[in-house]
1. Among the residues in the stretch 162-177, are any in contact (Cβ under 8 Å) with a residue 12 or more places away in the chain and in contact with a Pro (Cβ under 8 Å, 6 or more places away or on another chain)?
2. Looking at VAL147, VAL211 in this structure, which one is more than 21 Å from THR80 (Cα to Cα), aliphatic (A, V, I, L, M) and under 20 Å from the mean Cα position of the chain (by Cα)?
3. When you scan the stretch 234-262, how many residues do you find that are surrounded by 15 or more Cβ atoms within 10 Å (Cβ to Cβ), within 21 Å of GLU131 (Cα to Cα) and in contact (Cβ under 8 Å) with a residue 40 or more places away in the chain?
4. Please find, among VAL107, VAL139, the residue that is within 20 Å of VAL235 (Cα to Cα), modelled with pLDDT of 80 or more, in a helix (DSSP H, G or I) and in contact with a Leu (Cβ under 6 Å, 6 or more places away or on another chain).
5. With the structure loaded, tell me whether THR161 is modelled with pLDDT of 85 or more, touching a helix residue (DSSP H, G or I) at 6+ places or on another chain (Cβ under 6 Å) and not aliphatic (A, V, I, L, M) or whether it fails that test.
6. Only one of (1) more than 18 Å from ILE234 (Cα to Cα); (2) part of a helix (DSSP H, G or I); (3) not acidic (Asp, Glu) fails for LYS124. Which number is that?
7. Got a number for residues in the stretch 20-47 being over 23 Å from ALA204 (Cβ atoms) and either in contact with a strand residue (DSSP E or B) (Cβ under 7 Å, 6 or more places away or on another chain) or aliphatic (A, V, I, L, M) (or both)?
8. If we scan the stretch 42-54, do we find a residue that is basic (Lys, Arg), farther than 16 Å from SER224 by Cα and either surrounded by fewer than 24 Cβ atoms within 10 Å (Cβ to Cβ) or in contact with a helix residue (DSSP H, G or I) (Cβ under 7 Å, 6 or more places away or on another chain) (or both)?
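The values are calculated or read from the model by the stated rules, or taken from the named source; none is laboratory data. Just so you know, these numbers come straight off a predicted model, no measurement behind them. Every residue, glycine among them, receives a Cβ derived from its backbone with ideal geometry; neighbour counts consider all protein chains shown.
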Amino acid sequence: MADLLALIAAACFALAATLQQKGALGVGDVSLKHPKSLLKLAGQRMWLYGSGVLLVGYVLQAAALDRGRLSVVQPLLVTTIVFALPLGYWLTGQHVGRREIVGAGVVVVGLILFTVLGDPAGGKDNASADEWAIATAIVSVLSVLLVILGGRGAPARKAGTYGAAAGLLYGLSASLCKPTVEILDASGVGTMLSSWEFYAFATAGIIAFVVQQVSLGTGRLAPSVATTSVMNPIVSVLIGIVLLDETLSEPTWHKVVAWVGLGVALGGAVVISMAREPDGEPDRARPEGPAHAAAPA
């Protein structure tokens with residue numbers, strides 16, 4: 001059930017990103033330096049639809065984390081890029097060529113290997129505040145560096161680096177979601193609202209959401225979603241293993257093949273993120289759909 005919920009959540013995240021990008025195409029440049037550009041998004045109907053779908057995805061993801069291991073649920077969200085490719089082609093005229101299609105196939109194969117042979121077990125629901133503080137500091141520093149790097153590049157580079165920063169923060173937020181949900185199940189809403197885990201989870205998620213909007217606002221859906229989908233599970237799996245003591249199944253060769261499978265899946269997402277438009281940078285104002293998309297190579 002956790003696996004199914006995670007896959008449905010991934011589909012919701014893909015649809016949400018596509019709709020939000022469609023809304024952002026009518027706004028112009030979206031930048032952290034100009035907060036008003038972010039506020040303009042709220043006036044775009046498609047962007048609001050996408051935000052609603054995103055909330056549904058969050059709920060499904062939380063339900064999956066409540067039922068499954070962090071190291072299983074989060075890697076399945078890499079399939080977001082697989083769902084995003086056809087949606088981007090039909091809704092915002094994104095180019096989908098051989099490189100993107102092959103990359104999507106590699107993602108699926110890698111995830112099958114990881115989920116079937118990895119089968120993480122054991123672990124705990126929470127870690128100490130000091131351990132969470134260290135993890136949060138590391139993720140925050142890396143995210144800031146990526147945002148600084150992305151602010152100085154071309155649209156494709158900006159989409160990828162901002163997407164990666166959002167993925168890091170989403171991974172941290174998802175990791176904190178697990179203890180938050182456990183507190184809710186064990187002690188109720190009041191105790192959850194008085195816990196630091198809840199506010200850390202919400203803060204990381206909100207900042208990730210804002211950064212992702214800038215990434216999507218570049219008009220490059222594939223690198224934006226791909227890098228977000230890559231960094232999210234990397235952070236979550238590392239936190240699951242290092243902080244929550246989750247372990248992959250025995251024998252040892254299962255672990256080796258599972259890690260190889262996860263690496264293959266992430267590599268497929270990277271391939272998609274590095275794909276280029278056949279005629280250079282895409283026109284940002286192409287919200288109509290496949291009629292304005294380049295035909296698959």
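1. Yes; the residues of the stretch 162-177 include at least one that is in contact (Cβ under 8 Å) with a residue 12 or more places away in the chain and in contact with a Pro (Cβ under 8 Å, 6 or more places away or on another chain).
2. Every option except VAL147 fails the conditions.
3. 11
4. Checking each option against the conditions leaves just VAL139.
5. Spelling it out, THR161 is indeed modelled with pLDDT of 85 or more, touching a helix residue (DSSP H, G or I) at 6+ places or on another chain (Cβ under 6 Å) and not aliphatic (A, V, I, L, M).
6. In the conditions (1) more than 18 Å from ILE234 (Cα to Cα); (2) part of a helix (DSSP H, G or I); (3) not acidic (Asp, Glu), LYS124 misses (2) alone.
7. 3
8. yes
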